[in-house]
Number of protein chains: 2
Amino acid sequence: MTDFVYRLYYWPSLPGRGEFVRLLLEDAGIPYVDVARTSEDEGGGVQSVLALVKGGIDCFAPPILEYESGRHIAQTANICQYLAITHDLVHEDPFDRMLANQFQLTLADLVSEVHDTHHPISTSMYYEDQKDAALLRSAAFIEHRIPKFFGFFERTIASMKETYLLGERCTYPDLSLWHTLEGIEHAFPKAYAAHIVDYPRLRALRTAVGAREGIAAYVSSARRMPFNEHGIFRNYPELDLED
Amino acid sequence: MTDFVYRLYYWPSLPGRGEFVRLLLEDAGIPYVDVARTSEDEGGGVQSVLALVKGGIDCFAPPILEYESGRHIAQTANICQYLAITHDLVHEDPFDRMLANQFQLTLADLVSEVHDTHHPISTSMYYEDQKDAALLRSAAFIEHRIPKFFGFFERTIASMKETYLLGERCTYPDLSLWHTLEGIEHAFPKAYAAHIVDYPRLRALRTAVGAREGIAAYVSSARRMPFNEHGIFRNYPELDLED
């Protein structure tokens, strides 16, 4: 180990996919620099992210982690897997490690589906210009996809007879699941309330993760950005369930 | 190593995401049973997949690999990573392994975007019932996303000054990139032709992978399913570029 401090590159004005990496680091108390949220004088700002991805190789999009000086990796699940293994934040057993990665990838699929509820046509167009499709996609997401994903994670936790996805020990997909539940409640408060009553283990996991020392400290800090209408989880009331 | 032969569970009537796992196995000459394509008398057929995912835990959706008797893993990139490491099909260097995973996850994002060109609203609805949105999404995909992804992979290969994503050695994301190029050409032949002229290294990679012994043998076998209008890469001429 060197003295190098991790440098996370992600858009400075939204939690986004960078948040899944931040949560792992914050929960474990690992120091990092959230580069784009430092000033441009310090080499930060949104330019620091743009410079990495524009015309870039290897890393298609943020989040990007500089884990050694000049060495960058991308893809949220890939970054989390690297950090968890490096810092002993996941089980030693190879099957458990694969499961953690598997859960993280399943959550990544869910997160992409949430994003597409408000951008079903193109990320190059404004929400307002794809609202008709967004209304349809959101309705289908609420009716079919929320229960499918929630049911899957509920059963998986139940099968372990403990609090977390991999049993007694909280690992990074639990942190990501927590954030995803927070995000879905922000985006679709009525739909979330209507569904979550059926999933006691998801509620218990959410409580347990939120009470963790590193997570609670992070949430009450200025480092935790609120959800907003630039990110993945956006509250557009017209997309939620009707009363 | 035991005598257990890998069992791949995937929908029997489309290449789908199962194909990325098949290509890795076929290229390396690793034996496997494509379970759902065996008869129901042998425990196969579509029922074998449904039985695994309906009410299931851990594995949200196919492809699912039974890699030891009774032990299943899911998520395409997770399965490929496991197989590549187990069978020495990827570099030993941890950074190269992360890069391979990173490319595979970037391809998974691209593949999901291709899927959503014909199903932008919901997988629970027929294409015909979401065609208006599909026309819009496809146009945006062709205009913005194809050049963004193709440009990224082209630059990445160029940076290695060799044929493949990780340099001289062909690894599983190269096989997946090959299949994705084949699929995009099937789905959008006019758009593919219009774009691919700008990406000589993608064309060269496609030629090189197609000429590999295991891939060529697979493609000429009955095991290779043609693309069809049940899968990810569907040819709906109205979604392609106009003449």
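The values are calculated or read from the model by the stated rules, or taken from the named source; none is laboratory data. Bear in mind the structure is a predicted one, so any value in this text is a computation, not a measurement. FYI the Cβ positions are ideal-geometry reconstructions off the backbone, even for glycines, and counts take in every protein chain you see. SASA here: full protein model, heavy atoms, side chains in, ligands and nucleic acids out. Shrake-Rupley method; radii C 1.70, N 1.55, O 1.52, S 1.80 Å.
So the values come out like this:
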item	result
Antiparallel content of DSSP bridges confined to chain A, in %, to 5	75 percent
Label-point separation, residue B:229 to residue A:228 (7 Å along Cα→Cβ), nm	4.6 nm
Cα pair count fraction exceeding 40 Å, expressed as % - the protein assembly as shown	16 percent
Sequence-separation-based contact order of the range B:1-122, relative, with Cα cut under 8 Å and 6+ spacing, percent	23 percent
Distances in nm from residue B:39 to the matching label points in the other copies, shortest first (labels 7 Å along Cα to Cβ)	7.7
Rg in Å to one decimal, and Dmax rounded to a whole Å, for the range A:95-243 via C-alpha atoms	15.7, 46
Burial order of peptide ranges B:115-124, A:101-110 (average beta-carbon count within 10 Å, highest first)	A:101-110, B:115-124
Alpha carbon centroid spacing (whole Å) that separates the range B:185-217 from the range B:122-157	18 Å
Across the identical copies, how the residue B:235 labels are spaced - nm, sorted shortest first, 7 Å along Cα→Cβ	4.9
Within chain B, helix-based [θ] at 222 nm, where runs of 4 or more DSSP H residues each add -39,500 (n - 2.57), nearest 500	-15500 deg cm²/dmol
Low-density loop cleavage sites - chymotrypsin sites (Phe, Trp or Tyr not before Pro) in the range B:2-81, where at most 16 other Cβ are within 10 Å (DSSP)	B:4
Rounded to the nearest 20 debye, dipole of chain B from Cβ charges on Lys, Arg, Asp, Glu	260 debye
Per DSSP, loop trypsin sites (Lys or Arg not before Pro) in the range B:1-88 with at most 15 further Cβ within 10 Å	B:54
Peptide A:48-60 - average C-beta neighbours from other chains (10 Å radius)	4
Relative contact order (%) - criterion: Cα under 8 Å, at least six apart; region: the range B:160-243	36 percent
Estimated Rh, the range A:52-138: Kirkwood, alpha-carbon pairs, angstrom	15.3 Å
Antiparallel DSSP beta bridges within the range A:1-84, percent to nearest 5	70 percent
The range B:79-182: mean projected area of Cα convex hull, nm²	7.5 nm²
Inter-part distance where the range A:15-59 and the range B:67-95 are each reduced to a Cα centre, Å	29 Å
Average accessible surface area per residue within the range A:77-217, 1.4 Å rolling probe, Å²	38 Å²
Sites residue B:129 and residue A:203 - FRET efficiency at Förster radius 51 Å, r taken between beta-carbons, to 0.05	0.90
Residue mean of other protein chain beta carbons inside 10 Å, B:120-127	5
By accessible area with a 1.4 Å probe, ligands and nucleic acids excluded, highest first: order of A:57, A:30	A:57, A:30
Chain B, relative contact order in percent, only Cα pairs under 8 angstrom and at least six apart counted	21 percent
Shape call, the range A:4-62: gyration tensor on alpha carbons, a/c limit 1.5	prolate
For the range B:148-214, diffusion coefficient by Stokes-Einstein and Kirkwood Rh (Cα), 4 °C, 1.567 mPa s, µm²/s	108 µm²/s
Loop-resident sites, the range B:163-243, for GluC sites (Glu not before Pro), counting at most 10 other Cβ within 10 Å (DSSP)	B:168, B:242
Computed magnitude of the charge dipole of the range B:149-192 (debye, nearest 20; Cβ of K, R +1, Cβ of D, E -1)	120 debye
Longest to shortest principal axis, alpha-carbon extents of the range B:1-160, angstrom	49, 44, 25
Residue-count net charge about residue B:149 - beta-carbon cut-off 9 Å; Lys, Arg +1, Asp, Glu -1	0
Inter-copy separations for residue A:70, label at 7 Å along Cα-Cβ, nm, ascending	5.1
Area accessible to solvent at residue B:80, 1.4 Å probe radius, in Å²	0 Å²
Partner chain coverage, peptide A:88-98 - average Cβ within 10 angstrom	2
